[in-house]
Amino acid sequence: MREIVVTVSHMRLLAVYAVLLIGVFGAPSSLANPHNFDTWLANFRLDALRSGISEETLRSALDGVKPRPKVVRKDRSQAEFTQSYWRYMERVNKRRIDKGKELLIKYSPLLKRVQARYGVQPRFLIAFWGLESNYGSTFGGHPVIPSLATLAYDNRRAKFFRVQLLAALKILDRGDITLDRMIGSWAGAMGHVQFIPSTYESYAVDFDGDGRRDIWHSMADVFASAANYLSSLGWNDKETWGREVRLPADFDFSQASLSVRKPLYDWQQAGVRRITGGKLPNVNFKTSLLIPAGHRGPAFAVYGNFRRIMRWNRSILYAISVGHLSDRFIGLGPISVRRPANDKRVSVYMVKEIQARLNQRGFKAGKPDGVIGKGSRAAIRAFQKMKNVPADGYVTADLLELLRKE
Ligand code: CA
């Protein structure tokens, strides 16, 4: 089970990287595999048969399958800009909040039964649903089998997608869903809560009791499957995800990291307060602080459930958006710290230049790859300390200007 969870996280991580961080050089659009697709597929089919999938399912699912150029393009597409907290959080907008509030009421009896069984608060299930498929309005539109076959054939992440393709065929073989209704994202995330096939295999449940686990059409199955997955990750419905907080003026920003965890009352001792200025709850929740937009943006105290959201999707911004959206459903207000008026987007080229300039000055930022990891962040902090500016380790256009002036 653990292995599967790691694989899911890994896949999400790769997906996040693919979207956020990679350079912008023209990537090859052709698939990398020494065999031609049909030969590969024939070999794969033998393996699938050996693993117990029926001849009939393989025939209907794989006959005539061709690689999908659209999927290859998606897989090879590379972001020009780094992911920004401010832009990311635009998805927690009025439409999504209002719609979610409505649905929370509409599905309240069902959600209560799901909570009683799996221990996940309804508002979080609605938030995942809203962010994964915009409440079921988009499943991604890609036929899952050909998309996964394309990615399993491609050498880049063949091993991972081969596992997903086999899992998808098992789902068909069991009769949970028909081939024509098995729709998902280009990378095979399926249905209302965008489960990849291996997650589905381990965690999807038949909550309406019709004998099929249907995360495309049965809201009972959808909510129970999501809740079952979260519950298996250790979700605690006595706790929330976190909260926006106010940091003391002399705060050491190197403490704002998922790798630093302290009881909430220790942070209170260190001068951290509720965003309103009041004292933090006097509890021992293991808490980390995060400043996803640097020192000019909001600060968050995040608890155990936040880490469980990150097991679902290894993105801090995703986890904040799930938590914040769920807060809005129960009437909590918007995040207090607003976007600075002169906030500029940071391109991957700018990040590379920042890394190169830090290296030139002896701050070891690592290979200038446009990806801010631990090393780059530490190098930025060291440079910021030297320049006597807030050492938040955060990449901005101003930071680059400062480096260019050196
Ligand atoms: Ca069912």
**Request:** Considering the options Leu111, Ala48, Val389, tell which one lies farthest towards the positive end of the dipole of the chain, charges being +1 on Lys and Arg and -1 on Asp and Glu at the Cβ, about the Cα centre.
**Result:** Val389
**Item:** Heavy-atom accessible area per residue - the chain, 1.4 Å, Å²
**Value:** 46
**Request:** With a 1.4 Å probe and every protein chain kept in, tell me what percent of the accessible surface of the range 348-404 is carbon plus sulfur.
**Result:** 55
**Furthest towards positive pole of dipole, Leu247, Ala149, Ser225, structure part the chain, Cβ charges** = Leu247
**Prompt:** Which residue, Asn305, Asn236, Asn228, tops the fluctuation ranking in a GNM of the chain built on C-alpha contacts under 10 Å?
**Reply:** Asn236
**Item:** Extreme residue, positive dipole direction of the chain, given options Gln78, Leu399, Asn36 (C-beta unit charges)
**Value:** Leu399
**Message:** Let me make sure I get this right: for the range 268-406, a, b and c are the square roots of the gyration tensor eigenvalues over alpha carbons, sorted descending. Under 1.5 in a/c it's rounded, otherwise prolate if a/b > b/c, else oblate. Which is it?
**Reply:** prolate
**Asked** For the pair Ser257 and Arg212, what calculated FRET efficiency results from E = 1/(1 + (r/R0)^6), where r is the Cβ-Cβ distance and R0 = 41 Å, to the nearest 0.05?
**Response** 0.40
**Request:** List the relative contact order of the chain as a percent without decimals, with contacts defined as Cα pairs under 8 Å and 6+ residues apart.
**Result:** 17
**Item:** Three-way shape call for the chain based on the alpha-carbon gyration tensor, with the a/c threshold at 1.5
**Value:** oblate
**Fill in**
Candidates Ala168, Ala204, Ala365; GNM for the chain (alpha-carbon contacts under 10 Å) flags as most fluctuating Ala365
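With +1 on the Cβ of every Lys and Arg and -1 on the Cβ of every Asp and Glu, and nothing else charged, how large is the dipole of the chain about its Cα centre, in debye rounded to the nearest 20?
On the way: 63 positive and 36 negative charges, 281 e Å.
Computed about the Cα centre, the dipole is about 1360 debye.
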**Fill in**
Quick note, the range 348-404: a/c under 1.5 would make it rounded; otherwise a/b > b/c is prolate and the rest oblate (a ≥ b ≥ c, C-alpha gyration tensor); here it is rounded
**Item:** With all protein chains modelled, accessible area of Met219 [1.4 Å, Å²]
**Value:** 20
**Fill in**
With x for Gly and Pro, the residue-by-residue ³J(HN,Hα) of the range 183-192, computed from phi through the Karplus equation 6.51 cos²θ - 1.76 cosθ + 1.60 at θ = phi - 60° and given in whole Hz, is 10, x, 6, 4, 9, x, 7, 10, x, 4
**Request:** Please get the size of the charge dipole for the range 262-406, origin at its Cα centre, with Cβ charges of +1 on Lys and Arg and -1 on Asp and Glu, quoted in debye to the nearest 20.
**Result:** 220
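When the dipole is taken about the Cα centre of the range 348-404, and only Lys, Arg (+1) and Asp, Glu (-1) are charged at their Cβ, what size is it in debye, to the nearest 20? It would help to have the intermediate numbers written out before the result.
Details: 11 positive and 5 negative charges, 54 e Å.
It comes to approximately 260 debye.
The values are calculated or read from the model by the stated rules, or taken from the named source; none is laboratory data. Bear in mind that the values here come from a model prediction, so they are computed numbers and not experimental data. Cβ coordinates were reconstructed from backbone atoms using ideal geometry, including for glycine residues, and neighbour counts include every protein chain displayed. To get the accessible areas, we keep the full protein, side chains included, count just its heavy atoms, and leave off ligands, DNA and RNA. Shrake-Rupley method; radii C 1.70, N 1.55, O 1.52, S 1.80 Å.
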